Each structure stands twice: as structure tokens, then as C-alpha cells.
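The values are calculated or read from the model by the stated rules, or taken from the named source; none is laboratory data. A quick note: this is a predicted structure, and the numbers were derived from the prediction, not measured. Cβ sites come from the backbone with ideal geometry, for glycine too, and all protein chains shown count toward neighbours. Surface accessibility is based on the protein's heavy atoms, side chains included, excluding ligands, DNA and RNA. Shrake-Rupley method; radii C 1.70, N 1.55, O 1.52, S 1.80 Å.
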Amino acid sequence: MRVAVFSTKPYDRTFLEAANAAHRHELRFFEPRLSRETCLLAAGFPAVCAFVNDTLDAEVLAALAAGGARLIALRSAGFNHVDLAAAARLGLTVARVPAYSPHAVAEHTAGLILTLNRKIHRAHNRVREGNFALEGLLGFELHGLTAGVVGTGKIGAVVARILGGFGCRLLAHDPCPNPEVERLGAAYVPLAELYAASDIVTLHCPLAPETYHLIDDRAVAAMKRGVMLINTSRGALLDTRAVIRALKSGKIGYLGLDVYEEEGDLFFEDLSNQVIQDDVFARLLTFPNVVITAHQAFFTETALGNIAATTLANISDFEQGRPCANVVTLELARGVGGQGDIAKGST
Ligand code: NAI
């Protein structure tokens with residue numbers, strides 16, 4: 001099948017070409033993000049392969065359909081950037097990669113936590129400057145602390161296991177408690193209780209209307225002073241301005257982010273020669289107790305291999321008229337936020 005692949009980075013191409021040996025689709029790689037301006041590039045392609053910051057609103061979908069597209073193959077678990085109602089109206093099938101490696105994101109989450117609690121980001125810079133002083137690098141141990149995991153699906157469950165391994169007491173919140181997490185000794189509690197008792201709060205729930213700005217001024221007020229907040233899930237789970245207020249007051253003691261609400265204008269690109277125009281993001285960068293990675297939690301060899309293999313299998317299933325378990329429908333999407341079997345997140 002002819003496939004227009006958007007937002008292609010060299011690593012995408014490497015993994016997709018390797019996986020395509022088993023499928024033999026005709027892949028055409030485009031570097032730009034899919035947008036109203038670039039969607040014309042897909043004219044004549046029955047399949048369009050897109051990533052997390054590509055635009056798949058009604059206008060772009062209509063242009064793709066008019067150009068002959070019948071399948072949108074997402075290289076992501078999340079589909080919150082796709083107008084599924086418009087896709088259904090236009091007769092476009094949307095498929096995704098529901099799970100590719102919860103360990104990738106969970107281990108990155110642990111990395112952010114350990115970087116922050118032992119100030120490794122600051123230590124690294126100091127040692128490179130020949131500054132071997134320890135003043136200001138005093139850390140704390142995870143053993144014996146309370147970690148609150150919000151969202152205990154595939155990723156949250158692995159995070160809970162890792163943090164349990166460090167000797168953390170585990171609290172969890174999820175509309176669908178996960179027996180695997182309960183077996184780890186985690187207690188499922190209401191959010192207010194989790195916030196009040198947790199030294200670390202880590203977010204692993206999808207972005208849905210009910211989780212938009214889950215962490216706002218009120219949520220932060222309910223947390224312990226000096227709490228460590230980690231978000232590797234989806235930027236809009238945080239009201240970033242509220243979080244900045246809390247960092248300034250010391251209410252939030254540590255912040256680790258892999259996602260940012262307005263990341264579409266920043267992440268995945270080298271902007272090191274440009275002036276960052278986003279003042280909220282720029283303010284976040286000024287805090288010594290904030291560590292930000294640019295949506296790289298998924299970025300492991302295992303995950304990229306799995307993403308490529310599943311994406312191409314989805315395309316083959318569609319081409320050959322086989323049932324595809326990874327098709328996203330409006331009905332499935334409506335189950336998000338309570339059913340726990342669909343990641344409506346970003347990757
Ligand atoms: P999942 O669907 O297995 O788990 C999500 C869990 O959140 C479910 O158990 C669900 O019941 C729960 N949930 C739903 N609404 C909730 C609420 N209001 N409060 C608490 N929990 C709630 O999804 P998975 O694979 O664990 O992914 C979680 C999130 O991680 C995704 O939604 C995505 O945003 C993010 N992600 C980030 C990546 C990155 O590279 N930074 C890569 C992959 C996913």
C-alpha cells in the first residue's frame with residue numbers, strides 16, 4: 001500500500017524500513033508535520049501515517065480524504081489529536097499502536113524521580129565545570145516515602161512496581177483499580193487523600209475532559225509542602241501557570257516533566273539557535289528544581305521497534321481487509337477516562 005509518512009525523523013525511517021521488510025508497503029517519508037499546509041503532499045496516498053504533534057482536525061482529514069486517503073495509521077497510542085467524528089463522517093479508518101512498551105515510559109519516570117531527588121542534573125553540570133563541592137546537592141532517599149500513582153494502567157502499574165522496589169509506600173488512584181497494583185500493596189484512595197499523603201505524585205492517566213488541568217491551584221493546595229510532581233503522561237494534565245506559582249512559593253519542591261501542554265511548538269525540533277517565544281515554558285526552565293525532557297519517555301529501541309511493527313501490521317490488516325484490533329472508533333474513545341483500556345494520551 002502507498003503510505004505517506006509524516007513527521008519523519010531519521011530514527012522513524014530506520015525502524016519503519018526495517019519492519020517493512022515483512023510487509024513491502026511503499027513508504028514515502030515526509031519530514032514536515034502534517035498540517036493544513038502540508039496535507040496536500042499526501043494526495044494520491046491511500047494511507048497516511050502520523051505522529052503525536054501532527055494535525056488531524058476536520059479540515060486536514062477532509063483534505064486527506066479528498067486526496068484519496070482511506071486509512072490514518074497513527075504511530076502512537078494516543079489519539080486525542082484526531083477528530084474521530086470527522087474521520088467517521090469521511091469514511092476514514094483510524095488505527096493506532098495501543099501499547100508498545102510501558103517499561104520505556106515507566107523507567108523514564110523513575111529516571112526523572114532519581115535525577116530530581118539526588119540533583120544529578122546539577123551535579124553533572126558542576127563536575128563538568130570542575131566544581132566538586134557538594135553544598136546544595138543534598139538529596140533524600142526514596143525508601144520509606146509515600147508515592148501516589150494517578151492512573152494505574154499499563155504504565156502506572158510498572159511505575160508502581162519500580163517505586164515499590166525502592167521501598168516506597170504506594171498509594172493509587174484510578175476509576176478502575178488494577179489487581180496487579182493492589183497485589184503490590186498499593187492502597188487505592190480518593191485523589192484528595194493521595195495528594196495529602198504523597199511525597200511524590202506521578203501522573204499516568206490519559207488526557208480526557210475530566211483530567212484536563214487535573215493539577216490546578218486546588219490540587220496543588222491539597223498536596224504536601226515540597227512535594228515532587230512528575231508528569232510523563234500528557235501536558236494538559238497540568239495547569240502549568242498554577243504549577244509555576246507553586247514552584248515559586250515552594251509548595252512544589254520538585255517537578256519532572258516529559259510533556260508540556262504547548263509542546264507542539266517546541267518538542268522534537270532543534271531550536272537551540274532560536275529565541276523561545278513561549279514565556280511560560282521559558283519560566284519553567286529557570287527553576288533549579290525542575291527537570292524537563294522533550295517527550296522522550298517512549299524513546300527506546302524496543303518501543304520504536306514495536307511501534308514500527310504494529311503500525312505496518314495495522315496497514316497490512318487494512319489493505320487485506322482483515323479485522324484490526326487497533327482501530328480507534330468514536331465508541332471506543334467515549335470509553336476513555338473510566339474504562340482504562342484506551343490510552344487517549346500523546347504517544
Ligand atoms: P492505560 O490506558 O493502560 O492506563 C491509563 C489508566 O488511567 C487506566 O487504568 C485508566 O482507568 C486510568 N484513568 C482514566 N481516567 C483517570 C482519572 N480521571 N484518574 C485516574 N486514573 C484514570 O494507558 P498507559 O499505556 O498506561 O498510558 C498512560 C498515559 O501515558 C497515556 O495516556 C499517555 O498520555 C502517556 N504516554 C506518554 C508517553 C511518553 O512518551 N511520555 C508514551 C506513552 C504514553
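Couple of notes before you dig in:
- Selected residue [open to solvent by less than 10 Å² (accessible area, probe 1.4 Å) and either within 11 Å of the ligand (Cβ to nearest atom) or under 22 Å from THR202 (Cα atoms) (or both)] from ALA47, ALA77: ALA77
- In the range 218-240, the residues that are within 12 Å of the ligand (Cβ to nearest atom) and closer than 13 Å to ALA196 by Cβ: ALA219
- Of everything in the range 269-322 that is hydrophobic (A, V, I, L, M, F, W, C) and in contact with a strand residue (DSSP E or B) (Cβ under 6 Å, 6 or more places away or on another chain), the residue that is farthest from LEU116 (Cα to Cα) is PHE318.
- Note on the range 257-281: among residues that are closer than 20 Å to ARG245 by Cβ and open to solvent by 50 Å² or more (accessible area, probe 1.4 Å), the one that is nearest to the ligand (Cβ to nearest atom) is GLU261.
- Restricting LEU312, LEU284, LEU330 to those that are more than 20 Å from the chain's Cα centre (by Cα), away from the ligand (no atom under 16 Å from the Cβ) and surrounded by 17 or more Cβ atoms within 10 Å (Cβ to Cβ) reduces the list to LEU312.
- 3 or more residues not aliphatic (A, V, I, L, M): qualifying helices (runs of 4 or more DSSP H) within the range 67-172: 102-117, 120-128, 154-165
- Pick from the range 139-161, criterion open to solvent by less than 50 Å² (accessible area, probe 1.4 Å) and of a type in the set (Gly, Ala, Ser), ranking: farthest from the ligand (Cβ to nearest atom): GLY139
- Restricting the range 167-209 to residues that are of a type in the set (Asp, Glu), away from the ligand (no atom under 12 Å from the Cβ) and within 22 Å of ALA221 (Cα to Cα), the residue that is most open to solvent (accessible area, probe 1.4 Å): GLU193
- Looking across the range 80-120, the residues that are open to solvent by 50 Å² or more (accessible area, probe 1.4 Å) and over 28 Å from LEU34 (Cα atoms) come down to HIS103, GLU107, LEU114, ARG118, ILE120.
- Filtered residues of the range 82-102 (kept if among the polar types (S, T, N, Q) and within 16 Å of the ligand (Cβ to nearest atom)): SER101
- Elements of type strands (runs of 3 or more DSSP E) in the range 200-305, at least 3 residues being in contact with a helix residue (DSSP H, G or I) (Cβ under 7 Å, 6 or more places away or on another chain) and farther than 17 Å from HIS173 by Cα: 252-257, 290-292
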